[in-house]
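Notes follow once the structure below has been shown.
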Amino acid sequence: MSASVLRIDGLRVKVAGTEILRGVDLEVRSGEVHALMGPNGSGKSTLSHALMGRGDYEVTGGSVTIDGEELLGLPTWERARRGLFLAMQYPVEVPGVPIDALVGAALRAAGRADGEAARELVAAEARALGLREELLRRGVNDEYSGGEQKRAETVQLAVLRPRFAVLDEIDSGLDVDALRDVARRIARLAAEQGLGVLAITHYARLLSELRPDRVHVLLAGRVVLSGGPELADRLEERGYEGIAAEVGVDELTVGVPRPPEPFADPTAGSDPFADPFA
Ligand code: ADP
Ligand code: MG
């Protein structure tokens, strides 16, 4: 596979009227593993959704290219066809559509495999990643546990072989053994297939297995610091607050808190005994 470059330049994104990304610059080349670290609410998932073209994320500036070709404005399937893959932090359930059907459709569209071959590829990767065979008969992510979802995302990644993968907290919900399997599979895809990886995480734990070439820190919608793998250790020591103080940034997060969950206690945060007529 020839070498490619994913380039994110001055990317600005608004969600629900609030600017969440305020000029993000990143460049990932084939075979490189980059880690993007940031506290909750710093805009990591917003970046992943904007890269993949989610409709309710309004891009207000900047560009995203693969080998100089603009991706912004293209529909999601077209971005996937150009080699971009996203493992979502909260993967979507697709009841009734098993992994091999989903992946098989993509491989057929790319002229890479027929249905039978797709089934075999999926089964082999599932075995290697410890994803129970029974799950392959269910719809993708249908009643999967958090850890099973992350293994399943990795199975799809390994079979689809995109040029670049954005992995949004692929480590969350995985126990130590599963984390090692997933990280090693991804590292091998980078080393052997030239996959370019942007691994989003807020724990250094993932990075002890998935050794990154570069580490970037996202605070309040901007990459404020980039460095080698030692930056993850520095983060572990000083925390995001410490790094923010070092680089002279006083905000860690952006935007407004999410609206409350629909089933949350409506009185939470307010005083239930307050006089309503006061
Ligand atoms: P992270 O992944 O780093 O935790 P997110 O990108 O999920 O951060 O969120 C960044 C900010 O954007 C937060 O303030 C969050 O509430 C807001 N946000 C993200 N997605 C939405 C959305 N769909 N609607 C409203 N606000 C959102
Ligand atoms: Mg997130």
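The values are calculated or read from the model by the stated rules, or taken from the named source; none is laboratory data. Because the structure is a prediction, the values reported are computed rather than measured. Every residue, glycine as well, gets a Cβ built from its backbone with ideal geometry; the counts of neighbours run over all protein chains shown.
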May I ask you to say which residue of LEU107, LEU51 is in contact (Cβ under 8 Å) with a residue 40 or more places away in the chain and within 16 Å of ligand 1 (Cβ to nearest atom)?
LEU51
Can MET52 be described as closer than 18 Å to THR253 by Cα and either at pLDDT 95 or above or touching a Cys at 6+ places or on another chain (Cβ under 7 Å) (or both)?
no
Consider the stretch 31-58. How many of its residues are more than 16 Å from ligand 2 (Cβ to nearest atom) and either closer than 28 Å to GLU241 by Cα or assigned to a loop (DSSP other than H, G, I, E, B) (or both)?
6
Qualifying residue in the stretch 205-216 (condition: free of Cβ contacts under 8 Å to residues at least 24 places away in the same chain and surrounded by fewer than 18 Cβ atoms within 10 Å (Cβ to Cβ)):
yes
Quick one: in the stretch 164-187, which of the residues that are assigned to a helix (DSSP H, G or I) and of a type in the set (Asp, Glu) is farthest from ligand 1 (Cβ to nearest atom)?
ASP177
Given (1) within 16 Å of ligand 2 (Cβ to nearest atom); (2) closer than 22 Å to TYR90 by Cβ; (3) among the β-branched types (Val, Ile, Thr), index of the condition VAL197 fails:
(1)
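One line per residue, one yes/no per condition, for (1) of a type outside the set (A, V, I, L, M); (2) surrounded by fewer than 22 Cβ atoms within 10 Å (Cβ to Cβ):
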residue	(1), (2)
GLU32	yes, yes
GLY38	yes, no
SER42	yes, no
MET52	no, yes
THR65	yes, yes
GLN89	yes, yes
GLY96	yes, yes
